[in-house]
Amino acid sequence: MAFACSLSSTHYSASLHSAPTVCRLLSYKSAAISVSKSVGLLHKSFIPNYRALFFLRPAFSRSSLISPPSIASTSSSPKLDSLLLLCTSIALSVSFLLTDVGSASAFVVTSPRKLQPDELSTVRLFQENTPSVVYITNLAVKQDAFTLDVLEVPQGSGSGFVWDKEGHIVTNYHVIRAASDLRVTLADQTTYDAKVVGFDQDKDVAVLLVDAPKDKLRPIPIGVSNDLVVGQKVYAIGNPFGLDHTLTTGVISGLRREISSAVTGRPIQDVIQTDAAINPGNSGGPLLDSSGNLIGINTAIYSPSGASSGVGFSIPVDTVNGIVDQLVKFGKVARPILGIKFAPDQSVEQLGVSGVLVLDAPADGPAGKAGLLPTKRDAYGRLILGDIITSVNGKKVTNGSDLYRILDQCKVGDKVIVEVLRGDQKEKIPVILEPKPDES
């Protein structure tokens, strides 16, 4: 009779066991090994010790799982089968207990939150530059109508940033406009009274000074704005709606834009346009590049509906740099002027001419000294138009913005040639530019 397994006469003799019984024993052994391996796989699948033992042991006690179907069991003793099954069950139990299976908590997979490299750089930029951004409160003196007590109440707020270790804070002028007192809150929530060093209404820039310890002042890194490109990533930090420091991101969506000063209406050239959210309270805060360097001051949003429309504007840092230097040194900006008041552009268009109509030219001003004629009325009340400026230094002037743009390129003391239309005649008049008078 042929058997499926080879027997060694040294270990198994025919006198002790019949061949089918021995084969069944070896089959039980191989089945136990196979089950043990299966248990190892289950162990790797994070099955707890005792629960696996109680649930699996009855299943493995069934002879249908481990009895070899190719060997008939008619020649074996039922007691021997039961004994072998008991031994197999004990062996499996021991293998469970000796195997280092993880606890039930292994079912919970806790993978650490991982940030992408660009996210890490943004988080790092915010953490490194937040100490440089401050919160500015504009206080106004008001009298109570019933008690007549004089109180200081907040009438506005905005953002700013530390310029140097001396305590100079840079912000927008419209943030501090009409303030009786100003308070600056640093990133560590310490508050200091601030005084105005100087401001430039035309460019909407102001410089404050706080008496804070130098170790609490973190000047912001100053960058450049003449090499910016559309599509470049930018980051705006501020205190919108009076909240704590917040960060908004976007890209530069336009360059060399022009907006008007919120105070004087004078145009501000080369403004940065961005889609980074600039909400109320972000005014005066910094606009940063991906290296964390200052490239502009957030100053306005274009919002016909009164809501943030995704078009914000920032004054470029190259413009701010020169203004802040003059304000810190002299307390004012020496910007050249012609010394005239001119008519609105719409009024000139109705006359059918192109240029700037001079309404007033004080005699002590540069234009008055040079002989420019203002608009006036004769003895009969008839309106006599003054000079209409058509060009300055050969550059065409079609409206007030053109005139301001040309003057911004000049310096105090420069001699310019102003071409005017006087009646039907064109005349060229030399004018020496003078500084803008002090503003209270």
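The values are calculated or read from the model by the stated rules, or taken from the named source; none is laboratory data. Given the structure is predicted, the values throughout are model-derived calculations rather than measurements. Virtual Cβ from ideal backbone geometry, glycine too; neighbours counted across all protein chains shown.
Would you check if residue 155 is within 30 Å of residue 238 (Cα to Cα), at pLDDT 65 or above, loosely packed, with under 10 Cβ neighbours inside 10 Å and among the polar types (S, T, N, Q)? Walk me through how you get there before you give the answer.
Numbers: within 30 Å of residue 238 (Cα to Cα): yes; at pLDDT 65 or above: yes; loosely packed, with under 10 Cβ neighbours inside 10 Å: no; among the polar types (S, T, N, Q): yes.
In short, no.
For residue 415, work out the one condition from (1) surrounded by 15 or more Cβ atoms within 10 Å (Cβ to Cβ); (2) more than 24 Å from residue 270 (Cα to Cα) it doesn't fulfil.
Failed condition: (1).
Return the residues of region 392-435 that are charged (D, E, K, R) and over 19 Å from residue 371 (Cα atoms); say none if nothing qualifies. Spell out the reasoning first.
Residues of region 392-435 charged (D, E, K, R): 395-396, 402, 405, 408, 411, 414-415, 419, 422, 424, 426-428, 434.
Result: 395, 396, 402, 405, 408, 411.
Filter region 377-421 for residues that are in a strand (DSSP E or B) and at pLDDT below 90 and give the result.
377, 383, 384, listed by residue number.
Could you count how many residues in region 229-246 are at pLDDT 90 or above, crowded, with 20+ Cβ neighbours inside 10 Å and not aromatic (Phe, Trp, Tyr)? Before you say what the answer is, go through the steps one by one.
Going through region 229-246, the residues at pLDDT 90 or above turn out to be 229-237.
Now narrow it down to the ones that are crowded, with 20+ Cβ neighbours inside 10 Å: 234-237.
Still in the running and not aromatic (Phe, Trp, Tyr): 234, 236-237.
Within region 229-246, residues that are at pLDDT 90 or above, crowded, with 20+ Cβ neighbours inside 10 Å and not aromatic (Phe, Trp, Tyr) number 3.
Let me spell it out: the conditions are (1) of a type outside the set (Gly, Ala, Ser); (2) over 24 Å from the mean Cα position of the chain (by Cα); (3) surrounded by 14 or more Cβ atoms within 10 Å (Cβ to Cβ), and residue 376 meets all of them except one. Which number is the exception?
Residue 376 satisfies every listed condition except (3).
Taking residue 186 as the residue in question, decide whether it is without any contact (Cβ under 8 Å) to a residue 60 or more places away in the chain, within 14 Å of residue 137 (Cα to Cα) and within 23 Å of the chain's Cα centre (by Cα).
Criteria met by residue 186.
Keeping to region 261-290, report how many residues are out of contact with any helix residue (DSSP H, G or I) (no Cβ under 8 Å at 6 or more places or on another chain), modelled with pLDDT of 90 or more and either closer than 19 Å to residue 187 by Cα or assigned to a loop (DSSP other than H, G, I, E, B) (or both).
Matching residues across region 261-290 total 3.
State all residues of region 161-199 that are among the acidic types (Asp, Glu) and at pLDDT 90 or above; if no residue qualifies, say none.
Step one: of region 161-199, the residues among the acidic types (Asp, Glu) are 164, 166, 181, 188, 193.
Hits for region 161-199 are 164, 166, 193.
If you take the residues of region 189-241 that are among the acidic types (Asp, Glu) and farther than 23 Å from residue 268 by Cβ, which of them is nearest to the chain's Cα centre (by Cα)? Before the answer, list the steps.
Of region 189-241, the ones among the acidic types (Asp, Glu) are 193, 200, 202, 204, 211, 215, 227.
Right, trim to farther than 23 Å from residue 268 by Cβ and you get 193, 211, 215.
Working: 193: 28, 211: 29, 215: 25 Å.
The selected residue is 215.
Sort through 347, 391 and tell me the only one that's under 21 Å from residue 258 (Cα atoms), among the hydroxyl-bearing types (Ser, Thr, Tyr) and without any contact (Cβ under 8 Å) to a residue 40 or more places away in the chain.
Working: 347 fails: under 21 Å from residue 258 (Cα atoms).
Residue meeting the stated conditions: 391.
May I ask you to say which residue of 363, 367 is of a type outside the set (D, E, K, R) and free of Cβ contacts under 8 Å to residues at least 24 places away in the same chain? Steps first, please.
On the way: 367 fails: free of Cβ contacts under 8 Å to residues at least 24 places away in the same chain.
Exactly one residue qualifies, and that residue is 363.
Okay, residues lined up against (1) among the small types (Gly, Ala, Ser); (2) assigned by TED's automatic domain parsing to the domain that holds residue 414; (3) out of contact with any Lys or Arg (no Cβ under 6 Å at 6 or more places or on another chain):
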{"site": "312", "(1), (2), (3)": "yes, no, yes"}
{"site": "318", "(1), (2), (3)": "no, no, yes"}
{"site": "324", "(1), (2), (3)": "no, no, yes"}
{"site": "343", "(1), (2), (3)": "yes, yes, yes"}
{"site": "355", "(1), (2), (3)": "yes, yes, yes"}
{"site": "367", "(1), (2), (3)": "yes, yes, yes"}
{"site": "378", "(1), (2), (3)": "no, yes, yes"}
